[in-house]
Amino acid sequence: MKRVLPPLNALRAFEAAGRLGSFKEAAAELHVTHGAVSQQVRLLEEWLGASLFERHNRRVTLTPAAQAYLKEVGPLFEQLSQATARYAVPETLARTLSVNAPATFTLRWLVPRLARFRAGHPDVEVKVETSNGPLESLKENYDIVIRGGPDTFYGYSMRPFLSEERLPVASPALLQRVPLRSPADLRLHTLLHTSSLPRLWPDWLASAQIPAMRPAATLTFDHFYLTLQAAIDGIGIAMGPTALVSDDLAAGRLVAPFSGPRLPSRSYCSYVPDEKFGDELVVLFRTWLEREGMG
């Protein structure tokens, strides 16, 4: 006898939304968008020819028929999960952790350290997406969002893990050609700017008590990681965030010609949705971030 089976992705979305009572929470659990859950539920309703949810302002409730359907469908998913855990090859059970972080931070701090996380947790797949936009503007549901702080966002827990300051950095080769004996010698150099951070150099020069100093030239980039790369390549001198240039300073690709002044800067913080707060994998990665930040 031919089996009558609904679209399985649609059924999975229905089960999660019905169990959690929320399309948003179902989307977070399934690592998809709110719209994707809504679309899959609508597909299942069309397939069954029946309405499954009553839509309210912030929540959804099951229709009486859908409650009965979920009561039979829900245990089947649990049985399938248990059977898969018993018989699947362990490598196929790897979990995915979704992380959203600023591009420069990802390139210069997170990526060089991810190999250490992977070495200790080979069964965890980390999916990293970059964005500099405000946390509340993100359209996807991420397990962890990394942004500056500390800030408070409704529905998220926040923990700082990496502090930084800003000070001038340059390549050793550049300083061999044109030495920097005092901040006043910056007049002989090209100062590298980032368009989104126009106050870095003026604020530092004011702190160094030479606000009227005019450099030999200026060069402005639209991304901060390009500014730092230009400094490494000996094109000029950049205002380097200590957290993001620490590896370059340790390797000798960059040097800090002055010990101060140092401009204060916001810390890097991990923001976790409240529904993910106790998730074992999220706790694991968050703890790793804090350990790396202390090192």
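Flag not set for Leu205, criterion: among the aliphatic types (A, V, I, L, M), under 25 Å from the mean Cα position of the chain (by Cα) and in the same structural domain as Ser259 (by TED's automatic domain parsing). Among the residues of the stretch 227-243, those that are part of a helix (DSSP H, G or I), surrounded by fewer than 21 Cβ atoms within 10 Å (Cβ to Cβ) and touching a helix residue (DSSP H, G or I) at 6+ places or on another chain (Cβ under 9 Å) comprise Ile232, Thr242, Ala243. Within the stretch 49-78, if we keep just the residues that are in a loop (DSSP other than H, G, I, E, B) and in contact with a strand residue (DSSP E or B) (Cβ under 8 Å, 6 or more places away or on another chain), the residue that is farthest from Ala10 (Cα to Cα) turns out to be Thr63. Of the residues making up the stretch 63-73, not a single one is surrounded by 14 or more Cβ atoms within 10 Å (Cβ to Cβ) and under 33 Å from the mean Cα position of the chain (by Cα). Can Arg214 be described as within 30 Å of Leu97 (Cβ to Cβ) and either in a loop (DSSP other than H, G, I, E, B) or of a type in the set (D, E, K, R) (or both)? Considered against the rule, which asks whether it is within 30 Å of Leu97 (Cβ to Cβ) and either in a loop (DSSP other than H, G, I, E, B) or of a type in the set (D, E, K, R) (or both), Arg214 comes out as no. Taking only the stretch 107-132 into account, find how many residues are part of a helix (DSSP H, G or I) and within 18 Å of Thr96 (Cα to Cα). Result for the stretch 107-132: 10.
Pairing residues of the stretch 273-286 that are closer than 15 Å to Val126 by Cβ with residues that are modelled with pLDDT under 90 and not in a helix (DSSP H, G or I), at Cβ distances under 8 Å and at least 6 apart in sequence or on separate chains, gives Leu281/Arg95; Leu281/Val124; Leu284/His121; Leu284/Val124; Phe285/Val124. Only residues that are outside any helix (DSSP H, G or I) and of a type outside the set (Gly, Ala, Ser) were counted across the stretch 9-42, and they come to 3. Among the conditions (1) surrounded by fewer than 17 Cβ atoms within 10 Å (Cβ to Cβ); (2) more than 17 Å from Ala184 (Cβ to Cβ), Leu200 misses just one, which is (1). Just one of (1) in contact (Cβ under 8 Å) with a residue 24 or more places away in the chain; (2) surrounded by fewer than 19 Cβ atoms within 10 Å (Cβ to Cβ) fails for Ala250. It is (1). Looking only at residues of the stretch 154-171 that are in contact (Cβ under 8 Å) with a residue 12 or more places away in the chain and assigned to a loop (DSSP other than H, G, I, E, B), we find that the one that is nearest to Pro202 (Cα to Cα) is Glu164.
The values are calculated or read from the model by the stated rules, or taken from the named source; none is laboratory data. Please read these numbers as outputs of a predicted model, since none were measured by experiment. So basically every Cβ, Gly included, is an ideal-geometry build from the backbone, and we count neighbours across all protein chains shown.
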